[in-house]
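Written out below as structure tokens is the structure these notes cover.
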Amino acid sequence: MDTLSLPATLADLRVLPLQAADIPTLQAFYAANPLYFEATGGEPAQPGDAEADFHARPPPDMPYRQRWLLALCDEHGQWQAVVEVIAGLLLPQAWHIALFMVDARHHGQGLAVQLYNALEAWTLASGAYWLRLGVVVGHARAERFWLRQGFVEVTQRHAVKMGRRCNSLRVMVKPLRSSVAAYLQQVPRDRSQA
């Protein structure tokens with residue numbers, strides 16, 4: 001399988017592909033940013049969450065091409081965001097944003113939008129036709145953010161265990177080079193069951 005190259009920077013932040021040695025720093029980043037975990041799982045990050053995320057992969061029935069867990073660092077090496085991106089999930093031209101977590105100190109300052117725009121540009125340059133993600137129903141801040149970035153809900157998944165909660169997830173897609181209808185024609189699992 002050929003590999004896709006990572007950009008050196010996204011939104012003027014240095015891209016650091018995480019290695020096993022970075023798991024303690026990832027856990028510390030999670031601990032310093034409890035809002036995401038409280039909104040999605042009803043509790044702060046738990047010991048071992050970073051290690052589990054580092055080793056996580058899509059289930060066997062969801063083929064993919066390549067996965068990255070990335071830290072985005074400033075010029076001093078301080079982590080400003082953590083992003084997990086999966087290329088070729090379900091379709092060769094579909095990319096999935098599995099995690100998009102900006103340090104809470106930067107909320108409301110525009111960094112998330114800048115980072116998302118840079119991430120989208122990278123995926124587009126790498127051949128993406130669609131971007132896909134899941135957002136917890138009721139996590140209003142995240143729902144508003146992804147709608148503003150042009151994502152549309154295609155279906156919902158229910159009873160998804162996250163922390164202490166079982167959530168419903170809005171599966172959302174953004175067309176980059178092709179339509180949402182063309183995506184759904186090829187990915188029956190993401191068609192609305194309503």
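In the stretch 5-44, of all residues being out of contact with any strand residue (DSSP E or B) (no Cβ under 6 Å at 6 or more places or on another chain) and of a type in the set (D, E, K, R), the one that is nearest to Leu70 (Cα to Cα) corresponds to Asp22. With respect to Arg65, is the statement that it is modelled with pLDDT of 95 or more, open to solvent by 40 Å² or more (accessible area, probe 1.4 Å) and under 19 Å from Ile97 (Cβ atoms) true? Criteria met by Arg65. The single condition among (1) out of contact with any Cys (no Cβ under 8 Å at 6 or more places or on another chain); (2) open to solvent by 40 Å² or more (accessible area, probe 1.4 Å); (3) not in a loop (DSSP other than H, G, I, E, B) that Ser5 does not meet is (3). Considering Val180, Val152, Val173, the condition of being crowded, with 18+ Cβ neighbours inside 10 Å, of a type in the set (A, V, I, L, M, F, W, C) and within 15 Å of Trp130 (Cα to Cα) is satisfied by Val173 alone.
In the condition set (1) part of a loop (DSSP other than H, G, I, E, B); (2) more than 30 Å from Ala121 (Cβ to Cβ); (3) open to solvent by 70 Å² or more (accessible area, probe 1.4 Å); (4) among the charged types (D, E, K, R), Glu51 is compliant with all but (1).
Filtering the stretch 11-23 to residues that are at pLDDT 95 or above and open to solvent by less than 40 Å² (accessible area, probe 1.4 Å) leaves Leu13, Val15, Leu18, Asp22, Ile23. Asn117 satisfies every condition listed in (1) crowded, with 17+ Cβ neighbours inside 10 Å; (2) closer than 23 Å to Glu153 by Cβ except (1). Could you go through the stretch 36-54 and let me know if any residue there is at pLDDT 95 or above, among the hydroxyl-bearing types (Ser, Thr, Tyr) and more than 19 Å from Leu16 (Cβ to Cβ). No, because not a single residue in the stretch 36-54 is at pLDDT 95 or above, among the hydroxyl-bearing types (Ser, Thr, Tyr) and more than 19 Å from Leu16 (Cβ to Cβ).
Checking each residue in the stretch 156-192 for being within 20 Å of the chain's Cα centre (by Cα), among the basic types (Lys, Arg) and closer than 20 Å to Leu99 by Cβ picks out Arg157, Lys161, Arg165, Arg170, Lys174.
Of the residues in the stretch 69-86, not one is touching a Pro at 6+ places or on another chain (Cβ under 8 Å) and open to solvent by 20 Å² or more (accessible area, probe 1.4 Å). I'd like to know if the stretch 41-55 contains one or more residues that are touching a residue at least 40 places away in the same chain (Cβ under 8 Å) and under 14 Å from the mean Cα position of the chain (by Cα). Yes: one or more hits. Among the residues of the stretch 24-40, the ones that are surrounded by fewer than 19 Cβ atoms within 10 Å (Cβ to Cβ) and either without any contact (Cβ under 8 Å) to a residue 40 or more places away in the chain or over 20 Å from Glu75 (Cβ atoms) (or both) come to 7 in all.
The values are calculated or read from the model by the stated rules, or taken from the named source; none is laboratory data. The structure presented is a predicted model; accordingly, all values stated were derived computationally and were not measured. Glycine gets a Cβ as well: all are built from the backbone with ideal geometry, and neighbour counts include every protein chain shown. In case anyone asks, the SASA skips ligands and DNA or RNA and just uses the protein heavy atoms, side chains included. Shrake-Rupley method; radii C 1.70, N 1.55, O 1.52, S 1.80 Å.
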